[in-house]
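In what follows, a single structure is set out as structure tokens and then discussed.
The values are calculated or read from the model by the stated rules, or taken from the named source; none is laboratory data. In this text, all values refer to a predicted model and were calculated from it rather than measured experimentally. In this analysis, Cβ positions are derived from the backbone assuming ideal geometry, glycine residues included, and neighbour counts consider all displayed protein chains. The protein model used for the area step is the full one, side chains on, heavy atoms only, and it has no ligands, DNA or RNA in it. Shrake-Rupley method; radii C 1.70, N 1.55, O 1.52, S 1.80 Å.
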Amino acid sequence: QVRFGTVDTWLLYQLTGTPITESTEDGLNTHGNVGGIFMTDVSNASRWLFLDLKKVQWDKKLVDAVCSPHDVPLSSLPQVKASSEVYATLKKESTGIDKLEGVPVSAILGDQHAALFGQVAFEPGEAKNTYGTGMF
């Protein structure tokens with residue numbers, strides 16, 4: 001099976017999963033986590049061009065239009081949630097860091113949206129232009 005996600009999806013999955021170590025055929029050990037929370041926030045999901053903005057859920061017709069002829073199942077895409085809610089509480093078992101035990105993961109934002117928030121643009125009509133991987 002394959003799963004798709006942005007860096008926020010990967011980070012949350014790794015921070016909330018169960019650690020594993022596997023040995024490859026050439027004797028190298030690989031480390032990672034499995035079984036973590038597989039989700040993204042609406043600000044990141046909206047950039048994929050797969051999201052029905054009114055229903056705030058993945059749209060199979062949009063996925064098929066972009067990914068055809070490949071059949072990408074919706075289950076390979078992360079669950080979409082609000083940008084600010086408690087998604088998980090970290091455990092030392094997942095992070096390997098004592099001081100992160102009990103810390104809630106309670107916000108995920110795309111870089112453009114986070115920059116707008118960081119510049120204190122809270123009122124209607126306020127704007128910010130961020131130059132980088134894209135200009136939005």
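Quick notes on this one:
- Sorting the segments 49-59, 4-14 by their mean number of nearby beta carbons within 10 angstrom, highest to lowest, gives 4-14, 49-59.
- Taking Y87, Y131 and ordering them by how much accessible surface each has at a 1.4 Å probe, largest first, produces Y131, Y87.
- Count of Lys pairs (Cα-Cα under 26 Å; at least 8 positions apart or interchain) in the chain: 9
- In segment 25-121, the C-alpha radius of gyration followed by the widest Cα-Cα span (Dmax) gives 17.1, 52 angstrom.
- Stretchable slack from S75 to Y131, in nm (0.36 nm times residue separation minus alpha-carbon distance): 16.9 nm
- With all protein chains kept in place, the per residue accessible area of the chain amounts to 69 square angstrom at a probe of 1.4 angstrom.
- Coordinate range along principal axes, alpha carbons of segment 1-81, Å, largest first: 47, 28, 16
- Computed [θ] at 222 nm, helices only, for the chain once each DSSP H run of length n ≥ 4 contributes -39500 (n - 2.57): -6000 deg cm²/dmol
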